[in-house]
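Remarks on the structure that follows.
Throughout, read-outs are computed from the coordinates displayed, never taken from laboratory work. Just so you know, these numbers come straight off a predicted model, no measurement behind them. Because the Cβ atoms are built from the backbone with ideal geometry, glycine has one as well, and the counts that use them run over all protein chains shown.
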Amino acid sequence: MLLFTGGFLYHASFVAFLGFVAALAALFHFSRDLPSVSALEDRQAQHQVTLLDIDGNVITHYGNIHSEGVIISDLPPHVVQAFVATEDRNFYHHLGINPLAIGRALIVNLRSGDIRQGGSTITQQFAKNAFLTPEKTLKRKIQEMLLAFRLETAYSKDEILALYLNNVYFGAGAYGLRAASHRYFDKTPEALSVGESAMLAGLLKAPSRYSPSASPEAARDRARVVIRAMHDAGYLSRETMEVLVRGSVARLNMQNNPVPYATDYVMAELQNVFGPAGQDIFVHTTLDVAAHRKMTTYIEQISQTDKRFTEDIQVAAIAMERTGAVRLLIGGRDYEASQYNRALNAKRQPGSAFKPFVYLTALEAGMQPDDVVLDTPVQIGNWQPTNYKDRYYGSIEMWEAMARSLNAAVLHVQEETGRERVIATARRLGFRGKLDTGAALALGVNETTPFDLTRVYLPFANDGRDAQPFSITSVYNKSGKLLYAREIAPSRQLIDPEAHTAITHMLRQVVSRGSGGAATIPGYIAAGKTGTTQDSRDAWFVGYAAGLVGTVWLGKDEYTPMGSGTNAVSGSNIPAQIWREMMSASLRDRTDTPYREWQPPVRRPGIMRWLEQIMWNDPEPAPMMASDMATPVIEAIGSSKTELPVEPKLVLEKSPQSMDDLLADVMQTDEQTEKPEI
């Protein structure tokens, strides 16, 4: 018996020794690349980022607005209690990890078959957020625990809690409790009420889902959960809890940021070009806050005066210099109601705003704006697309086909030119995302974002050359030392100069004589294109003037129609009007840039001039050179000089004296109904 007992103890001791050695080896393996705990002192407070507009005025601050972090002893007890009750009720009693919480979470997760509950303490959460990746691996979890032990031995509980509160993210660009207090309630953490503390503590579970600005009711419901947790932990009486839960909990007082969608874009760019601040910095941006203010005011005005612009319709707008400098970026009607940036993230069909890429492809293949194309019913396989109200114009010059946004005409051009070549043109200009080779390509059925469509139009405003969008010009520290300056990248010629002159001429006709008349900017020659998708689910105007390119999009988040019939929102009405105001505000009365006027080729007189001579019985009409493009017109006219081409079926109110008068009457007749668009 003694021999057996001795043998058992020997083997047990040996196994224990091996386990101890294995534990030491594992400890060494997982701790060898851990950061130094002393380095955590540098994270006592997030550094401040101050954004400046194009005029050098302060737009807003990000990070810890007042640079110093909170001190736990200075906070009201209920502020600390709100976070402890919610995040780690035993914070003041454990040594960095809570075995009971880990076991409880493990049981819940095993029963659910998913990760439903976590067992991390506040110390572990801070260690993970400060130095470890969010990946869910065994190594990361062990390192998190080791760091938690180190923190508990190096700092007091209050110091650890302060480190946590000064660095955790509260949404809306606010890192740290002090920044969040000012962002949401415009007060210091020392002045927070119980309800306000509960709302901020509730944010930590999911800052986006429970954002007080984006989802105020969800934020209040989450705050009520925190208040009940404070009662369960013994911090609040039942009477106090019931009063708070029945009330509105807290009233928001958001710190003013006049351009929140734009500054979100700037902060994302800052992370890419500069990285973590490391110190208080001042970021000089390209944003024009004055133009933003004018735009938001106008959007509010038109929403009140135009019944088509209902409350559920969202808007996105971008104005960008030919250099790529972003002057204006609006991602929705109300940032506090929705932080979703539609300018950057909403993928929608551009509709007829895609047609210029079809016509540009044809121009680069040798066609001219005054070449005649067919606008007749078209059938491609089993698909029979139609023009607006089934109205066709027969033989028509290409510039007018785009000005009128005729579907049949652009499809004829696309099928003649080749879909693959159209796709190659769009890709060359920077079109991102999927581009199907189906026949509907020309009608803009492939989705893109307003920002990306602006990028694709940018070469039109930049003499056919590309440029990369940017919003940051330089970064300085508070001592005035230059830390970053944007380098200007060389541009590439993306559009043939002759084709660029021709497409600009055509896009100018859209504004001056076509569907984009509402986009006319006094004092400037504007060019652009309307776009309206099926059932008015999306409405666009994209264009440029004086070296500035801009996009306006209207639509509903749920992708439903914006009215019907004459009450429908289309690219030619509200978007074109908003675009005009946006461009006027962003141009700041600059001098219009000179442009190269397109001239018809010498090879033959313009087709409209030739038709004018025929129609008005000119005794010596100019000779018409034989060409493939002229054939449809000649066949349509037949042998009689007084016979009009097949279509359009228009009734003129008076006999015009010239072809210019004829075109004026044609456009006036068209304006009596809605402009044909897709």
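Report the gain in length on full extension from Asp232 to Ala154: 0.36 nm times residue separation, minus Cα-Cα distance, nm rounded to one decimal. Write down the numbers at each step before the final one.
On the way: separation 78, 0.36 × 78 = 28.08 nm, distance 3.10 nm.
Contour length minus Cα-Cα distance gives 25.0 nm.
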Exercise. Considering the zone a paramagnetic label at Lys347 would reach in this model (a point 7 Å from Cα along the Cα-to-Cβ line), which residues of the stretch 406-431 have amide N under 17 Å from it?
Worked result: 427, 430-431
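Using a cut-off of 13 Å between beta-carbons, work out the net charge of the residues near Tyr92 (Lys and Arg +1, Asp and Glu -1, Tyr92 not included). Don't jump to the answer; show the numbers that get you there.
Details: positive: Arg89, Lys157; negative: Glu87, Asp88, Glu152, Asp158, Glu159.
Surrounding charge for Tyr92 is -3.
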Exercise. In what order do Arg590, Arg220, Arg228, Arg327 fall by count of nearby beta-carbon atoms within 10 Å, going from fewest to most?
Worked result: Arg590, Arg228, Arg220, Arg327
Seminar exercise, completed: Computed for the stretch 211-282: size of charge dipole around the Cα centre, +1 on C-beta of each Lys and Arg, -1 on C-beta of each Asp and Glu, debye to nearest 20, value 360
Exercise. Using a simple spin-label model with points 7 Å from Cα along the Cα→Cβ vector, what separation in nm is obtained for Val273 and Asn129?
Worked result: 2.9
Exercise. Each label point is 7 Å from the Cα along the Cα-to-Cβ direction; what then is the distance between the points at Thr593 and Lys434, in nm?
Worked result: 3.5
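In the structure shown, do any of Lys205/Lys556; Lys141/Lys205; Lys294/Lys355; Lys307/Lys529 have a Cα-Cα gap over 22 Å, and if so which?
In this structure, Lys205/Lys556; Lys294/Lys355; Lys307/Lys529 exceed 22 Å between Cα atoms.
Could you give the length gained by full extension between Leu252 and Ser564, i.e. 0.36 nm per residue of separation minus their alpha carbon distance, to one decimal place?
Working: separation 312, 0.36 × 312 = 112.32 nm, distance 3.81 nm.
Extra length available between Leu252 and Ser564 comes to 108.5 nm.
In percent, how large is the relative contact order of the stretch 182-224, given Cα pairs closer than 8 Å and 6 or more residues apart?
Working: 33 pairs, mean separation 15.0, N = 43.
Answer for the stretch 182-224 is 35 percent.
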Problem set entry | Nonlocal amide H pairs with Arg327, under 5 Å, H built at 1.01 Å | Ala319, Met320, Glu321
Seminar exercise, completed: Burial-style ranking of 198-207, 477-486, 389-398, average other-beta-carbon count within 10 Å with highest first, yields 198-207, 389-398, 477-486
Exercise. Roughly speaking, what is the stretch gain from Asn57 to Asp334, that is 0.36 nm per residue apart minus the C-alpha to C-alpha distance, in nm to one decimal?
Worked result: 97.4 nm
Exercise. In terms of the Cα gyration tensor, with a ≥ b ≥ c the square roots of its eigenvalues, is the stretch 285-417 rounded because a/c is under 1.5, prolate because a/b exceeds b/c, or oblate?
Worked result: prolate
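Assuming R0 = 45 Å, what is the FRET efficiency of Lys389 and Lys187, from their Cβ-Cβ distance, to the nearest 0.05? Before the final figure, lay out the partial values.
Details: r = 59 Å, r/R0 = 1.31.
Calculated value: 0.15.
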